Amino acid sequence: MPRAGLSAGSSKVDVAIDLGNPLLNRTVDGFLKIGAVGAFRVAAEDAFDCLQSGSVSKRKLEKTLEKMCKEGAYWGAVAGVYVGMEYGVERVRGEYDWKNALIGGIASGALISAASNNKGNKIAKDAITGGAIATAIEFINYLT
């Protein structure tokens, strides 16, 4: 179930969203968490650029907000697709192991690449990359 929390001192606010389906819950959770990472990455980069140039304008803030929304949506969509794929593979296989990450990463990489109008070899390369990254992350998580 997607959860979000905010704490300040001893006060804590915790929010949970239950969509009634574990697949949807995990997909939305991945979208929200990684989407926020993408949005904050843009905010940090643009804040650095403003500090470097020494100026801030309303136009720069508007462009930053627009970029934050686009990047957050893109990163969130990619994460949501991957999390949904991995969970689907886990349900079909009936096992929880690194192979789910591999298959989910391959499927996600291929799907996202194909949706980006890539062709043939590029889709295959993106599928391999998605599988490799997902599997590496799974192994790193296992080691820590």
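Considering the conditions (1) of a type in the set (Gly, Ala, Ser); (2) surrounded by 13 or more Cβ atoms within 10 Å (Cβ to Cβ); (3) part of a loop (DSSP other than H, G, I, E, B), Gly88 is excluded by exactly one of them, (3). In the set (1) touching a residue at least 24 places away in the same chain (Cβ under 8 Å); (2) outside any helix (DSSP H, G or I), the condition left unmet by Ala77 is number (2).
So that you can scan it fast, the table gives a plain yes or no per residue for (1) closer than 21 Å to Ala132 by Cα; (2) among the basic types (Lys, Arg); (3) buried (at least 21 other Cβ atoms within 10 Å of the Cβ); (4) touching a Leu at 6+ places or on another chain (Cβ under 6 Å):
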{"position": "Gly30", "(1), (2), (3), (4)": "yes, no, yes, no"}
{"position": "Arg41", "(1), (2), (3), (4)": "no, yes, no, no"}
{"position": "Ser55", "(1), (2), (3), (4)": "no, no, no, no"}
{"position": "Lys58", "(1), (2), (3), (4)": "no, yes, no, no"}
{"position": "Glu62", "(1), (2), (3), (4)": "no, no, no, no"}
{"position": "Ala73", "(1), (2), (3), (4)": "no, no, no, no"}
{"position": "Gly76", "(1), (2), (3), (4)": "yes, no, yes, no"}
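Scanning region 90-124 for residues that are free of Cβ contacts under 8 Å to residues at least 12 places away in the same chain and in contact with a Ser or Thr (Cβ under 8 Å, 6 or more places away or on another chain) gives a single hit, Lys122. Among the residues of region 39-94, the one identified as in contact with a helix residue (DSSP H, G or I) (Cβ under 7 Å, 6 or more places away or on another chain) and of a type in the set (S, T, N, Q) is Thr64. Determine whether Asn121 is farther than 30 Å from Ala43 by Cα and exposed (fewer than 14 other Cβ atoms within 10 Å of the Cβ). When the stated conditions are applied, Asn121 passes them.
Throughout, read-outs are computed from the coordinates displayed, never taken from laboratory work. Fair warning: this is a prediction, and the values are worked out from it, not measured in the lab. So basically every Cβ, Gly included, is an ideal-geometry build from the backbone, and we count neighbours across all protein chains shown.
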